[in-house]
Amino acid sequence: MNQEFIMLNESAKKRLIKAINSDLEQLLWLADWLLHLNIFSDAQIYDALNFVKSGIEEFATALREHCPIMTTICVCDSRWVSVSGGDGFLDTQTGEVVKVLSQPVVTVIFCDLCALLLRMEHRKRMFNGNTSERPPTENSAQTGEQSTVEASTEAATADTAAI
């Protein structure tokens, strides 16, 4: 059983995979994050995931190629959803995609996929006994050893900071 998820149980995970036609791990993690916000219905989450799916797939591909790209999901005023580099915003109340928001945004919630990846990999290690990639220790920090995930996400974060 995958205990790294906070909100998704096995039946919810199966419904989600069917609704978005993907079992990409990063999409499942993002769904768990969106659920924990407690502002969207399941149907709105399915719509949001389908809207950002191509951006998440690009992120996953870049990660597999050890060339991660900084990717964020943005929730504006608990209504509109976008992905960095994407085209427009999904209005989760109407299901429509808009190029420009009709009013100023007051509340913005971001999800950094690199940080989410690190957190979920940590949860896997903690809850599922996966010790193939251990978190950095004081000794590994001194010797410069890093896991592939840490090195990849640090590179993406450094690229973003340089911009």
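The values are calculated or read from the model by the stated rules, or taken from the named source; none is laboratory data. Remember, predicted model here, so these are calculated numbers, not experimental data. So basically every Cβ, Gly included, is an ideal-geometry build from the backbone, and we count neighbours across all protein chains shown. With ligands, DNA and RNA removed, areas are computed over all heavy atoms of the protein, side chains included. Shrake-Rupley method; radii C 1.70, N 1.55, O 1.52, S 1.80 Å.
Of all residues in the stretch 29-41, at least one satisfies being among the aliphatic types (A, V, I, L, M), under 15 Å from LEU90 (Cα atoms) and open to solvent by less than 50 Å² (accessible area, probe 1.4 Å).
Being part of a helix (DSSP H, G or I) and touching an Asp or Glu at 6+ places or on another chain (Cβ under 9 Å), is that true of even one residue in the stretch 71-89? No, because not a single residue in the stretch 71-89 is part of a helix (DSSP H, G or I) and touching an Asp or Glu at 6+ places or on another chain (Cβ under 9 Å).
Test of understanding: among LEU37, LEU8, LEU16, LEU28, which residue is hydrophobic (A, V, I, L, M, F, W, C) and in contact with a Lys or Arg (Cβ under 8 Å, 6 or more places away or on another chain)? Answer to the selection: LEU28. You will find that of SER82, SER102, the residue that is exposed (fewer than 12 other Cβ atoms within 10 Å of the Cβ) and small (Gly, Ala, Ser) is SER102 and no other. Taking ASP23, is it surrounded by 18 or more Cβ atoms within 10 Å (Cβ to Cβ) and acidic (Asp, Glu)? No; evaluated as a whole, the condition is false for this residue. Being in a helix (DSSP H, G or I), surrounded by fewer than 17 Cβ atoms within 10 Å (Cβ to Cβ), modelled with pLDDT under 90 and out of contact with any His (no Cβ under 8 Å at 6 or more places or on another chain), is that true of even one residue in the stretch 53-62? No, every residue in the stretch 53-62 fails to be in a helix (DSSP H, G or I), surrounded by fewer than 17 Cβ atoms within 10 Å (Cβ to Cβ), modelled with pLDDT under 90 and out of contact with any His (no Cβ under 8 Å at 6 or more places or on another chain).
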